[in-house]
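These notes concern the structure reproduced below.
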Amino acid sequence: MTDISAIAEIVDRAAMTATEIPQFSDTEALSMDEAYAAQALSLQRRYARGEKRVGIKMGLTSRAKMVQVGVSDVIWGRLTDAMREEEGATVSLSKYVHPRVEPEIAFLMKKPLSGKVSALEAMEAVAAIAPALEIIDSRYKAFKFDIGDVIADNSSSSGFVIGQWSDASTDIANLGMVLAINGEAREIGSSAAILGHPVRSLVAAARMVAAAGEELKAGDIVLAGGATAAIPMVAGQAVTLEVERLGTVAFNVG
Ligand code: 0L1
Ligand code: MG
């Protein structure tokens, strides 16, 4: 029988010490239910150390990433206050194993949301929208995993940076997004790459947290998912994301 609490301890320790671990799927693949149970338990360990849950991240929100991992639905992970990096600050590589950065849109919730909701109901629960950068850092060797591995590892959730909040009425259907390194555009995409419209990610978030017996709460941040491929982080990079209408969010890699 799979020992969920042992798996939770392994992924928690790997994240805490920025140490890579072998894939569980090398020996025995985790089911989705086992993987989410391990993720929840590993987060309980962080909460017990004093970290606070501040929201969730949605992952595999582009068709390309779903195909790459061989799934047909998005995945999610939890965000804590310790994962938040200050906008404009220098992020130390020492906290991560082999981090990558990807361009996202963040929602700030103004009221609870959970279960089967329409796009309209989802947007009515949003207080504000911001450009965001997610630092994904799989704790597995060579950044390789199957779906159970990655879910257990908090869906690679590792760090995030949020830009200036804008009015929730901003049309985010198809915003140009440019991810630049040291002033050079490296990934160019659109918010439409996030499930066709980022609000679909929020609708899926409400459905998925409900399945785990949780809800999105007022004040929660929801990262909608990557709009382009992620870029490996290297010391000396100045990372900037410019999102049409929403502005810029940036950090340096140290
Ligand atoms: O945020 C994401 O879409 C990443 C989810 C996990 C897969 C990966 O680490 O690339
Ligand atoms: Mg992401």
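Would you pick out the residues in the range 150-167 that are touching a Lys or Arg at 6+ places or on another chain (Cβ under 8 Å) and either part of a loop (DSSP other than H, G, I, E, B) or surrounded by fewer than 18 Cβ atoms within 10 Å (Cβ to Cβ) (or both)? The answer is Asp153, Ser166. Inside the range 209-234, can you point out the residues that are within 16 Å of ligand 1 (Cβ to nearest atom), assigned to a loop (DSSP other than H, G, I, E, B) and crowded, with 19+ Cβ neighbours inside 10 Å? Ala224, Gly225, Gly226, Ala227, Thr228, Ala230, Met233, listed by residue number. Just checking, which of Ala192, Ala206 is assigned to a helix (DSSP H, G or I), modelled with pLDDT of 95 or more and closer than 23 Å to Gly115 by Cβ? Result of the check over Ala192, Ala206: Ala206. Scan the range 89-108 and give yes if some residue there is assigned to a loop (DSSP other than H, G, I, E, B), buried (at least 17 other Cβ atoms within 10 Å of the Cβ), away from ligand 1 (no atom under 16 Å from the Cβ) and touching a residue at least 24 places away in the same chain (Cβ under 8 Å), otherwise no. Scanning the range 89-108, I find no residue that is assigned to a loop (DSSP other than H, G, I, E, B), buried (at least 17 other Cβ atoms within 10 Å of the Cβ), away from ligand 1 (no atom under 16 Å from the Cβ) and touching a residue at least 24 places away in the same chain (Cβ under 8 Å), so the answer is no. Taking the conditions (1) surrounded by 18 or more Cβ atoms within 10 Å (Cβ to Cβ); (2) in a loop (DSSP other than H, G, I, E, B); (3) not charged (D, E, K, R) in turn, Leu43 satisfies each one other than (2). Would you confirm whether any residue within the range 188-206 is out of contact with any helix residue (DSSP H, G or I) (no Cβ under 9 Å at 6 or more places or on another chain) and charged (D, E, K, R)? No, the range 188-206 has no match at all. Taking Ser156, is it on the phi > 0 side of the Ramachandran plot and within 15 Å of the chain's Cα centre (by Cα)? Yes: the conditions hold for Ser156. Selection over the range 109-149 of residues that are touching a helix residue (DSSP H, G or I) at 6+ places or on another chain (Cβ under 8 Å), buried (at least 17 other Cβ atoms within 10 Å of the Cβ) and not aliphatic (A, V, I, L, M) gives a count of 9. Of all the listed residues (Gly77, Gly115), the sole one being more than 16 Å from ligand 1 (Cβ to nearest atom), within 20 Å of Ala224 (Cβ to Cβ), in contact with a Lys or Arg (Cβ under 8 Å, 6 or more places away or on another chain) and not in a helix (DSSP H, G or I) is Gly115. Any residue in the range 46-63 that is surrounded by fewer than 15 Cβ atoms within 10 Å (Cβ to Cβ) sitting within a Cβ distance under 8 Å of a residue that is β-branched (Val, Ile, Thr)? List the pairs, counting only those 6 or more apart or interchain. So the pair list comes out as Tyr47/Thr80; Lys52/Thr80. Within the range 218-231, residues that are within 19 Å of Asn174 (Cβ to Cβ) have Cβ atoms under 6 Å from residues that are within 13 Å of ligand 2 (Cβ to nearest atom) and in a loop (DSSP other than H, G, I, E, B) in these pairs: Ala224/Ile194; Gly225/Thr61; Gly225/Ile194; Ala227/Ile194, counting only partners at least 6 apart in sequence or on another chain.
The values are calculated or read from the model by the stated rules, or taken from the named source; none is laboratory data. In this text the structure is predicted, and so the values were computed from the model without any measurement. A quick note on method: Cβ atoms are made from the backbone with ideal geometry, for glycine too, and the neighbour counts reach across all protein chains shown.
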